[in-house]
Amino acid sequence: MHLLYENNHFTLIPDPLFNPEMKELYLHFNHEIDPSGEIAYDKLSNLDAFNIYTIPASVNQWIRQVFPDVMLAHSVTVLVEGILLNFKNANLEKTVFIQARSSSFDVLYVKNSKVVFLNSFNYKTNEDFVYFLMFVLEQLQLNPEYITLQLIGEISERSSLYILLSKYVKYCRFMDRNESFDYSHAFNQLPSHTFYNLLNLNQCEL
């Protein structure tokens, strides 16, 4: 059984540099570590890296009590592994992946099967969201007139966020679900992009 945990306190470390005894030090470079939190990590087999992240100790203890045999994974781990698997032979040079949540979002850019950029941003308004995204595109030297945004998570075509995004990025698409699996008819009622990570969890080698 797998369980997906989601927050934006994570750090990727290349496999050759990774030492599990130094996981706290790695994470501390980018984040303030909650003293009550526990540090976990996932192996990203297709990236040859580790994702280090925090989880509240009380949450982790509850999970282990209710689901003692569960395999825990971070949402960004599944996002990266899923994209690298599902788009293995695709040209992603002009594609940026956005995983949206109610108050934060992740940006992933992959080129030549390598992760060029991955980061998470907190936001309060839709304008904040667009500002951070435009800054990332500028740093990556990507023209919003010619790239495609692949959208995942808590965003819909009728949302004010999507409407604003569409004014700045010409091509905004919602991620198609993974067609490697068979789905019941009930899944046809769900937006394909909303639970993309959850539906890709089982194909990742965690």
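The values are calculated or read from the model by the stated rules, or taken from the named source; none is laboratory data. As the structure is a computational prediction, the values presented were derived from the model and not from experiment. Note that each Cβ is placed from the backbone with ideal geometry, even for glycine, and that neighbours are counted across all protein chains shown. Note: areas computed on protein heavy atoms with side chains; ligands, DNA, RNA excluded. Shrake-Rupley method; radii C 1.70, N 1.55, O 1.52, S 1.80 Å.
Points worth noting:
- Segment 34-86: Rg to Rh, with Rh as the Kirkwood radius over Cα pairs: 1.03
- Cβ-based charge dipole, the chain, positive-most Cα from 155, 67, 107: 155
- For the chain, size of Cβ-based charge dipole, Lys and Arg +1, Asp and Glu -1, in debye: 520
- Accessible surface calculations at 1.4 Å, restricted to protein heavy atoms, place segment 41-197 at 54 Å² per residue.
- With contacts taken as Cα pairs under 8 Å and at least 6 residues apart, segment 1-129 reaches a relative contact order of 23 percent.
- The radius of gyration of the Cα set in segment 61-101, together with its Dmax, comes out at 15.1, 44 angstrom.
- Cα convex hull of the chain - mean projected area over all directions, nm²: 12.5
- Degrees separating the helix 75-86 axis from the principal Cα axis of the chain, which is the longest one: 60
- Residues in segment 3-25 reached by a label modelled at residue 60 [backbone nitrogen below 11 Å; 7 Å Cα→Cβ]: 24
- Based on DSSP H segments of at least four residues, each scored -39500 (n - 2.57), the chain has a per-residue ellipticity at 222 nm of -8000 deg cm²/dmol.
- Cross-link pairs beyond the 29 Å C-alpha cut-off, checked among 124/167; 43/170; 23/170; 43/167; 124/170: 43/170; 23/170; 43/167
- Highest to lowest packing among 28-38, 127-137, scored as the average C-beta count within 10 Å: 127-137, 28-38
- Taking the DSSP beta bridges with both ends in the chain, the antiparallel portion is around 65 percent.
- Here segment 60-111 is assigned +1 on the Cβ of each Lys and Arg and -1 on the Cβ of each Asp and Glu. Its dipole about the Cα centre then comes out at about 100 debye.
- Rounded percent of accessible protein surface that carbon and sulfur make up, the chain, 1.4 Å probe: 50
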